[in-house]
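K.L.:
First, the structure itself, so that you have it in front of you.
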Amino acid sequence: MTERLGVGMVGYAFMGVAHSQAWRTAPHFFDLPLHVDMAAIAGRDEAAVTAAAQRLGWSSVETDWKALVTRDDIDLVDICTPGDTHAEIAIAALAAGKHVLCEKPLANSVSEAVAMAQAAEAARANGQLAMVGFTYRRVPAIQLARQLVADGRIGTVRHVRAQYLQDWIADANAPLSWRLDKQKAGSGALGDIGAHIVDLAQFVTGEQVTGVSAVLETFVHERPVATASSGLHGTAGAETGPVTVDDAAIFLGRMSGGGVATFEATRFAWGRKNAIRLEINGSAGSVAFDFEDMNVLHFFDVAQPAVEAGFRRIVVTEPEHPYVAAWWPAGHGLGYEHAFTHQAVDLVTAIAEQRQPEPSFADGLAIQRVLDAVERSAANRSTWTSVNEES
């Protein structure tokens, strides 16, 4: 009989729905080494969390996350809450002997992320494993891009261009949400979506961002308070409140291999719904990706004869591509939700093998240090700022 893995989740909004879908789906398409039991979900509103449990497939509910993390039938705690709660929940869960999956960014500050990484390192000695949910790195095309770079197919990395463009608050009358509250979210576009492109740049190149020069901008400083919300959107009320985070983050970076990088994260790009664009130029070629065409990777090989040289469009849906064999016939594309399923599969497999899953809390801390350097640079008139362990 396959050993059971009892999963408990804290939070049931946008990310909670995506994670729930992954936990439900993973065992039906992948041969998992552990039996996933969606044991409990926690939320403060008893009626709402009960309805969520029934809709999303959880067996029971808790109205206090502290009760969930101490339950004997919970082996793994999945944290899908705003950033200001990540450190407390994760550290408590690890102390209670649970594995942890925590949504990104890892924390709202470097100090919180340090405490989380230290707790994860200590828990590792007792067999508990912790992972941060930078889900986009599990898109098959991104995995292929990483492999091509690792195999030397584009040579030495010279340029990284990374953008994450959305428009869901481009309307000045879009209501306030917790993502626009610095106390809860830590930062705005920088942490919410900028963290993703920092992770992707580092994941695909295998290098680290070592320094930055940054600009942060808030375009709309006051918005209507939401009377109801669903996912990223809400219903505006008559009252208004302050926006306390950045609306856009733009920064230059230096990679550890000597290359240069540009990053842009904004939620004010009308017409761009979820455009994650990554292009890496090396001494021998290039790779390019856009999440709005997520099943495709573009690859340029300088070794091609000039007469026929050009970007090759690779449709990343073959069984030989990462994760794809478990899904549909070739050419039948995957969607947003599949990366979350891949994340669950990788985490369950790592737990079964008692192997550190990636990205680890230490990886999450490294990204937090980049975000911190961006904020320090922007606050100091875009001064070049090193990403270092003392920040």
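The values are calculated or read from the model by the stated rules, or taken from the named source; none is laboratory data. Predicted model only: the values in this text are computed from it and were never measured. Quick reminder, even Gly has a Cβ in these numbers, built from the backbone with ideal geometry, and neighbours come from all protein chains shown. Side chains included, ligands, DNA and RNA excluded: accessible areas come from the protein's heavy atoms. Shrake-Rupley method; radii C 1.70, N 1.55, O 1.52, S 1.80 Å.
K.L.:
Can you divide the C-alpha Rg of the chain by 2.2 N^0.38 Å and report the result to two decimal places?
P.N.:
This ratio for the chain stands at 0.98.
K.L.:
Relative contact order (percent) for the stretch 1-158, with alpha-carbon contacts under 8 angstrom and 6 or more residues of separation?
P.N.:
About 19 percent, as a whole number.
K.L.:
Using the Kirkwood radius over Cα pairs, work out the Stokes-Einstein diffusion coefficient for the stretch 1-56 at 25 °C and 0.890 mPa s, in µm²/s as a whole number.
P.N.:
206
K.L.:
Would you mind giving the three semi-axes, in whole Å and largest first, of the ellipsoid equivalent to the stretch 33-115 according to its Cα gyration tensor?
P.N.:
22, 15, 11
K.L.:
As a test of the definition: which semi-axes, in Å, follow for the stretch 107-162 when you take the square root of five times each eigenvalue of its alpha carbon gyration tensor? Largest first, please.
P.N.:
They are 31, 15, 12 Å, listed from largest to smallest.
K.L.:
Can you list the lysines whose alpha carbon is less than 21 Å from that of K273, not counting same-chain residues fewer than 8 positions off?
P.N.:
K104
K.L.:
Hey, another quick one. May I ask you to give the solvent-accessible area per residue for the stretch 183-272, in square angstrom, as obtained with a 1.4 angstrom probe?
P.N.:
Each residue of the stretch 183-272 exposes 41 Å² on average to a 1.4 Å probe.
K.L.:
Now for a separate question. Over the Cα atoms, compute the radius of gyration (one decimal) and Dmax (the largest Cα-Cα distance, rounded to a whole number) for the stretch 87-181, in Å.
P.N.:
Using the Cα atoms of the stretch 87-181, the pair Rg, Dmax is 18.3, 50 Å.
K.L.:
Continuing with this model, one more query. Quick one: if the Förster radius is 45 Å, what FRET efficiency do E308 and T2 give, using the C-beta to C-beta distance and rounding to 0.05?
P.N.:
The computed FRET efficiency comes out at 0.30.
K.L.:
Roll a 1.4 Å probe over the protein chains and send me the accessible area per residue for the stretch 5-59 in Å².
P.N.:
Computed with neighbouring chains in place, this is 43 Å² per residue.
K.L.:
Then there is this: With each run of n ≥ 4 DSSP H residues scored as -39500 (n - 2.57), what mean residue ellipticity at 222 nm is computed for the chain after dividing by its residue count and rounding to the nearest 500 deg cm²/dmol?
P.N.:
Computed ellipticity for the chain at 222 nm equals -9500 deg cm²/dmol.
K.L.:
Give me the percent of the accessible area of the chain that comes from carbon and sulfur atoms, probe 1.4 Å, all protein chains in place.
P.N.:
50
K.L.:
Using the Cα centre of the stretch 233-368 as the reference point, and only Cβ charges (+1 on K/R, -1 on D/E), how large is the resulting charge dipole? Debye, rounded to the nearest 20.
P.N.:
For this selection, approximately 180 debye.
K.L.:
Another question, if that's okay. Rounded, prolate or oblate: which fits the stretch 236-351 when a ≥ b ≥ c are the square roots of the eigenvalues of the alpha-carbon gyration tensor, with rounded for a/c under 1.5 and prolate only if a/b beats b/c?
P.N.:
oblate
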